[in-house]
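The values are calculated or read from the model by the stated rules, or taken from the named source; none is laboratory data. Note that the coordinates shown come from a computational prediction; the quantities given were computed from them, not determined experimentally. Positions of Cβ are backbone-derived with ideal geometry, glycine not excepted, and every protein chain shown enters the neighbour counts.
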Amino acid sequence: MAKAKTVFSCTSCGSQHPKWTGQCQDCSDWNTLQEEAALVSTSSKPKAARFEGFAPKSEVQKLQEVSVKGSPRSPSGLAELDRVLGGGLVAGSVILLGGDPGIGKSTLILQSLSLLSNDKKTLYVTGEESAQQIALRATRLGVQDADLDLLADNQLESILQVSQSHRPEVLVVDSIQTLFTDTLQSAPGSVAQVRETASRLVRYAKQTGTIVILVGHVTKEGALAGPRVLEHMVDTVLYFEGERNSSFRLIRAIKNRFGAVNEIGVFAMTDTGLKEVSNPSAMFIKREQKDATGSVVLVSQEGTRPLLVEVQSLVDQSSLANPRRVTVGLDNQRLAMLLAVLNRHAGLSLYDQDVFVNVIGGVKVHEPAADLAIMLSVLSSFKNKPLANDLAVFGEVGLTGEIRPVQRGMERIKEAEKLGFRQLIMPHGNLSGARSQNQTVAAVSTLEQAVQKAFE
Ligand code: TYD
Ligand code: MG
């Protein structure tokens, strides 16, 4: 038997080093090397990795002759999930679903699979929970009668063997971190195991045309546990996220070879599972308090869907030499820039004030169209003057204090109207086409005009 030795694997890029160093020499990340009792028995590896019976023929083909017929999308059963996937599941694709523990990944998978199993052969491999636990959850969700096949196992070779004889069209592995292969000696969840098991499952998906969904855990820093290469190997990376104390759950695509990446799907976690929220705007702007200072409704755009969210600010006298600039759901640097513009073009200096800005409901807004709403919210808090209750705002602010048009203006206007916002402050450049009679629109082209309209 070969002598066991240790190697140090980078959790970020997956490269291996004989010695521990503070910085990975390959990807230059710090503190990412982990010791592993890894030993690859090279002689048996290629054999075990080969799937007899359906190995693809290696031959050169003409692009025009490649058949693309076999890749229609099949709906996942949940419209919000389909939206993020770009219209449904593609045969032979591998989807990685990441998220914090307890966020509801297994619940989402079970709900979707129970619907999918009506017309597709499905196999749910659980390495984390027993079959009994899954059955209990299914009862809670009211889907215990679904025609779904379960396999409680975490050894890759036996899972692949079962799949080969069972031939499911959709294979789910919950979770990739619990899987291990016999060809490696390191523990399940280690970099080497995650990488090897995932790459074999990817190969299996491509060779058999099976849809493979891998569930993955997220580390404290918010990245998927295991090497970053996991994200490169799969076709689609979805993140399931949400605040612990809120029932909202957002699913977003970080990478998608078969669709756009900026779509989000919205769910609410209830005591009988996840419910789809097809009109999220109405949920994010339930304002209890009237005339609250510092609160502004922003018409944001998430993917192809406009989304109304509430931006709240608090500006307060600071006792620190360096006053605080804190944002939740927004970019900190952007806030610093906007405060500088406020100083220069609206005569508002906040050098001795703490500024806190928060987007309600755990939503993250990273588009410049939020600029104007942030500024008006900061101003409203500083002046201690509330803005009109039925006012919605969007627009980008430039460094010279000009209000710049943003994309999809018309859709934003319509969404605001649909939700009963009868006043609108927006860029002049977005004013085109017919407008509804029951909306008062203030189209502005400078910050000064916007401030005047908001507080008149
Ligand atoms: P789970 O799907 O097990 O999370 P993950 O697989 O991401 O770790 O979901 C666990 C949480 O969801 C748990 O805290 C209980 C809650 N939950 C509900 O609120 N309602 C439900 O119907 C179910 C099944 C779970
Ligand atoms: Mg789970």
query: For SER190, all conditions in the list (1) under 23 Å from the mean Cα position of the chain (by Cα); (2) more than 15 Å from ligand 1 (Cβ to nearest atom); (3) farther than 17 Å from ILE95 by Cβ hold save one; what is the number of the exception?
result: (1)
statement: Within the range 323-344, the residues that are surrounded by fewer than 18 Cβ atoms within 10 Å (Cβ to Cβ) and polar (S, T, N, Q) are ASN332, GLN333, ASN343
- prompt: Can you pull out the residues in the range 223-251 that are away from ligand 2 (no atom under 16 Å from the Cβ) and either over 24 Å from ASP29 (Cβ atoms) or acidic (Asp, Glu) (or both)?
  reply: GLU231, ASP235, THR236, GLU243, ASN245, SER246, SER247, PHE248, LEU250
- request: Mind telling me which of the residues VAL296, VAL266, VAL311 ends up being surrounded by 21 or more Cβ atoms within 10 Å (Cβ to Cβ) and either free of Cβ contacts under 8 Å to residues at least 12 places away in the same chain or assigned by TED's automatic domain parsing to the domain that holds SER106 (or both)?
  value: VAL266
field: Evaluation of VAL212 against (1) at pLDDT 90 or above; (2) under 15 Å from the mean Cα position of the chain (by Cα); (3) β-branched (Val, Ile, Thr) (one fails), failing number
entry: (2)
query: Hey, among ILE95, ILE134, ILE159, which residue is in a helix (DSSP H, G or I), within 16 Å of ligand 2 (Cβ to nearest atom), modelled with pLDDT of 90 or more and of a type in the set (Val, Ile, Thr)?
result: ILE134
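Is the range 388-405 home to any residue that is part of a helix (DSSP H, G or I) and in contact (Cβ under 8 Å) with a residue 12 or more places away in the chain?
No: zero hits.
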- prompt: under 25 Å from SER246 (Cα atoms), surrounded by fewer than 21 Cβ atoms within 10 Å (Cβ to Cβ) and touching a helix residue (DSSP H, G or I) at 6+ places or on another chain (Cβ under 7 Å) - does that describe any residue in the range 143-164?
  reply: yes
- request: State yes or no: is GLY265 modelled with pLDDT of 85 or more and away from ligand 1 (no atom under 13 Å from the Cβ)?
  value: yes
field: Residues satisfying the stated conditions in the range 408-456, i.e. closer than 23 Å to ALA340 by Cβ and among the β-branched types (Val, Ile, Thr)
entry: ILE425, VAL444, THR446, VAL451
- prompt: How many residues, within the range 289-321, are farther than 17 Å from ALA388 by Cβ and charged (D, E, K, R)?
  reply: 3
field: Filter result for ALA152 (farther than 17 Å from VAL212 by Cα and aliphatic (A, V, I, L, M))
entry: no
message: Regarding the range 183-194, can at least one residue be identified that is within 25 Å of GLU276 (Cβ to Cβ), surrounded by 16 or more Cβ atoms within 10 Å (Cβ to Cβ), more than 16 Å from ligand 2 (Cβ to nearest atom) and not basic (Lys, Arg)?
response: no
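Here are some residues: LEU113, LEU136. Which one is out of contact with any helix residue (DSSP H, G or I) (no Cβ under 9 Å at 6 or more places or on another chain) and away from ligand 1 (no atom under 12 Å from the Cβ)?
LEU113
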